[in-house]
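The values are calculated or read from the model by the stated rules, or taken from the named source; none is laboratory data. Everything quoted here is computed from the prediction, not taken from an experiment. Here the Cβ is made from the backbone with ideal geometry for all residues, glycine too, and neighbour counts use every protein chain on show. Only protein heavy atoms, including side chains, enter the accessible area calculation; ligands, DNA and RNA are left aside. Shrake-Rupley method; radii C 1.70, N 1.55, O 1.52, S 1.80 Å.
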Amino acid sequence: MGKRVGVLMGGWGEEREISLKTGEAVVAALETLGHTVTRVFAGPGLDRALRAADIDVAFLALHGRMGEDGRVQGLLELLEIPYTGSGVLASALAMDKPMAKKLFQLHNLASPRGYRVAREDAERALELHGDSGFPCVVKPAKGGSSVGLSVVHDAGALVPVVVQACRFGGEALVERFVQGQEVTVGILGDSVLGSCEVSYPREGFDYEAKYKGGGAQYFLPPRLSDVRRVNVESLALAAYRALGCRGYGRVDLMCSDTENDVVLEVNTLPGFTPTSLLPKIAARAGLDFPALVQGVLDRATRDESHVAEGPALAPAAPVPLRVAR
């Protein structure tokens with residue numbers, strides 16, 4: 001039977017345009033599947049909009065800060081509305097890239113060496129960089145869609161690029177540049193759907209290459225041996241599990257030319273635009289776009305947060321106040 005689905009789209013940040021494209025694609029798919037769909041535009045007053053929408057479940061078509069970082073998920077928990085994608089904690093951890101790297105390290109999952117730079121320390125970026133070397137990758141510590149991502153080749157360019165990255169959320173992540181093939185792995189539920197290699201004409205799969213016709217090429221499956229591809233997909237699933245993700249996601253990795261494969265990041269709400277990678281991966285696995293959307297919707301849930309029943313407690317006796325004389 002069809003459900004009353006609220007598609008949350010838009011949002012507060014720099015990824016609003018991509019979110020709107022994702023949202024409209026999801027709306028169209030849900031309507032073909034027989035669901036009753038309400039567009040819920042995220043922004044100030046979202047709590048009131050959700051109460052007025054009268055929905056059974058929320059499909060999150062949001063990206064980036066204030067949408068993918070656990071805050072909207074927390075609101076939906078309070079309103080007792082099931083939602084698609086990961087829960088509050090996993091969403092927050094995946095969005096905070098330096099924190100995610102610490103968890104990858106605890107689980108013995110390779111990730112490029114890097115460090116966090118706060119906005120107030122941006123002018124000291126070269127001092128903090130020390131002997132980390134060049135080239136390096138600079139990106140917002142909390143963000144997505146490759147907004148604010150740059151590859152830096154020399155010391156003179158580092159500070160202005162870090163300052164620019166700090167515009168998006170107040171912190172930057174500086175990582176060692178890893179030369180190799182960039183591969184993204186799609187996950188539905190707790191299973192790998194497949195993987196895709198992304199090749200682009202310049203360093204860094206940035207916003208321009210992703211969404212503005214920047215000449216990116218896609219190889220499904222990746223141009224890897226079968227053994228290495230399976231290992232990469234297993235590494236991606238381990239990273240997804242390390243953060244406690246659920247529902248669906250996409251994990252980006254770099255398959256190094258000379259070293260081990262490394263995890264770049266986990267995307268808890270990957271895009272569903274016409275150029276997005278997860279739908280491409282799903283199509284090769286035999287899931288057309290509506291089937292993928294339905295698969296994501298079927299896994300919508302909430303965190304387990306029920307309070308155990310117990311005896312009522314008597315109110316505590318008032319504590320007398322002492323007044324100094």
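For the range 108-115, indicate whether the set of residues that are of a type in the set (Lys, Arg) and out of contact with any Gly (no Cβ under 7 Å at 6 or more places or on another chain) is non-empty. Yes: the range 108-115 contains one or more residues that are of a type in the set (Lys, Arg) and out of contact with any Gly (no Cβ under 7 Å at 6 or more places or on another chain).
In the range 104-124 there is no residue that is surrounded by 16 or more Cβ atoms within 10 Å (Cβ to Cβ), part of a loop (DSSP other than H, G, I, E, B) and of a type in the set (Val, Ile, Thr).
Is there a residue being under 30 Å from Gly6 (Cα atoms) and surrounded by fewer than 16 Cβ atoms within 10 Å (Cβ to Cβ) anywhere in the range 81-91? Checked against the condition, which is being under 30 Å from Gly6 (Cα atoms) and surrounded by fewer than 16 Cβ atoms within 10 Å (Cβ to Cβ), the range 81-91 yields at least one hit. Condition first: open to solvent by 20 Å² or more (accessible area, probe 1.4 Å) and modelled with pLDDT of 95 or more. Can you find one or more residues in the range 4-14 that meet it? Yes, that holds for at least one residue. Residues considered: Val178, Val159. Of these, the only one that is over 16 Å from the mean Cα position of the chain (by Cα), closer than 17 Å to Glu265 by Cα and hydrophobic (A, V, I, L, M, F, W, C) is Val178. Counting only strands (runs of 3 or more DSSP E) that sit wholly inside the range 174-271, those with at least 2 residues that are buried (at least 21 other Cβ atoms within 10 Å of the Cβ), outside the structural domain of Ser132 (by the TED database) and modelled with pLDDT of 95 or more are 180-188, 191-199, 248-256, 262-267.
Of all residues in the range 272-301 being at pLDDT 95 or above and assigned to a loop (DSSP other than H, G, I, E, B), which is least open to solvent (accessible area, probe 1.4 Å)? Filtering the range 272-301 for residues that are at pLDDT 95 or above and assigned to a loop (DSSP other than H, G, I, E, B), the one least open to solvent (accessible area, probe 1.4 Å) comes out as Ala300.
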